[in-house]
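Scroll down for the structure; my scribbles are underneath it.
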Amino acid sequence: MSAEAGVRRLDLRADPDAPLDEVVAHLAAAGVIAYPTETVYGFGGAVHADALERLRALKRRDAAKPFLLLVPSADAVARLGWNDAARELARLFWPGALTLVLADPEGLFPELHGPGGGVAVRVSPHPVVARVLEAWGAPLTSTSANEPGAAPARSGAEAAEVAMALGGGDILVLDAGTLPPSAPSTLVDCTGSAPVVLREGSIPVGRLRCAIPEVR
């Protein structure tokens, strides 16, 4: 463990199976963590008001621009608005770099609603994310670890530098080394009658259309 200017790093490079008790305690205290995903390092925390406010302050983000949700499986958010296209996309591409925007008819995550009332959800294949979600026992918010307009961090060291540059205070960085270059996740809105690609990323639109021809 190392600490610098309020930013702490938990080194998982030598021991990927290190206990995550400190991570769970940090999340329970509404703390922000930085962690690797299948694309880039992200910032995130628990889905409650204090944690969300800290994450918004760190990213200098308006509440109108929500964060996405990382979950261990589609079953973890079974009560969101799943249509046939969303189920098929999740079956084929999860875990993976595909973020699905799903309707939230029960208002389960009102603080994460986008302009159309949907919630952006992803199942990450990165083992660190899987371990944290299992240890925490609930979904986590996620947003890229970067300063506004800059490229996202690809290593624990870069994530720590970003956190310090943003003046984020007490942030726990889960350092799993350097990630290979990657585009962001592909973002698909599944709240309407046909899926709409909002951002093409790691998964090309052509691959999506092989599964769901009506993808727009």
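The values are calculated or read from the model by the stated rules, or taken from the named source; none is laboratory data. On a predicted model such as this, the values are computed, not experimentally measured, just so you know. Heads up, the Cβs are rebuilt from the backbone with ideal geometry, glycines too, and the neighbour counts pull from every protein chain shown. The accessibility values were calculated without ligands, DNA or RNA, using every heavy atom of the protein model including side chains. Shrake-Rupley method; radii C 1.70, N 1.55, O 1.52, S 1.80 Å.
What is the sum of charges around Ala135, taking Lys and Arg as +1, Asp and Glu as -1, for the other residues whose C-beta is under 13 Å from the C-beta of Ala135?
Values: positive: Arg131; negative: Asp17, Asp21, Glu22, Glu134.
Computed value for this residue: -3.
Using the beta-carbon distance between Asp17 and Leu108 and R0 = 22 Å, what value does 1/(1 + (r/R0)^6) give for FRET efficiency, to the nearest 0.05?
Efficiency, from the Cβ-Cβ distance: 0.10.
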task = Specify the angular offset, from 0 to 90 degrees and rounded to the nearest 10, of the alpha carbon long axis of helix 49-59 from the longest principal axis of the alpha carbons in the chain.
result = 80
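Based on the alpha-carbon set only, what is the convex hull volume of the chain divided per residue, in Å³? Numbers along the way, then the final one.
On the way: hull volume 24.1 nm³, N = 216.
In the chain, the Cα hull volume divided by residue count equals 111 Å³.
Could you work out what % of the accessible surface of the range 25-104 is carbon and sulfur, using a 1.4 angstrom probe and leaving DNA, RNA and ligands out of the count?
Of the solvent-accessible surface of the range 25-104, carbon and sulfur hold 52 percent.
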key: Solvent-accessible heavy-atom area per residue, rounded to whole Å², over the chain at 1.4 Å   = 45
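To check you understand DSSP bridge types, tell me what percent of the beta bridges within the chain (both residues inside) are antiparallel, rounded to 5. Show your work: numbers first, answer last.
Numbers: 21 of 35 bridges.
In the chain, DSSP labels about 60 percent of beta bridges as antiparallel.
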task = Treat each spin label as a single point 7 Å out from the Cα along the C-beta direction, and report the Ala183 to Ala130 distance in nm.
result = 2.5
inquiry  = Under the 0.36 nm per residue contour assumption, what length would be gained going from the current alpha-carbon distance of Leu198 and Arg87 to full extension?
reply    = 38.2 nm
inquiry  = If packing is taken as the average count of other Cβ atoms within 10 Å, what order do 177-184, 45-52 fall into, highest mean first?
reply    = 45-52, 177-184
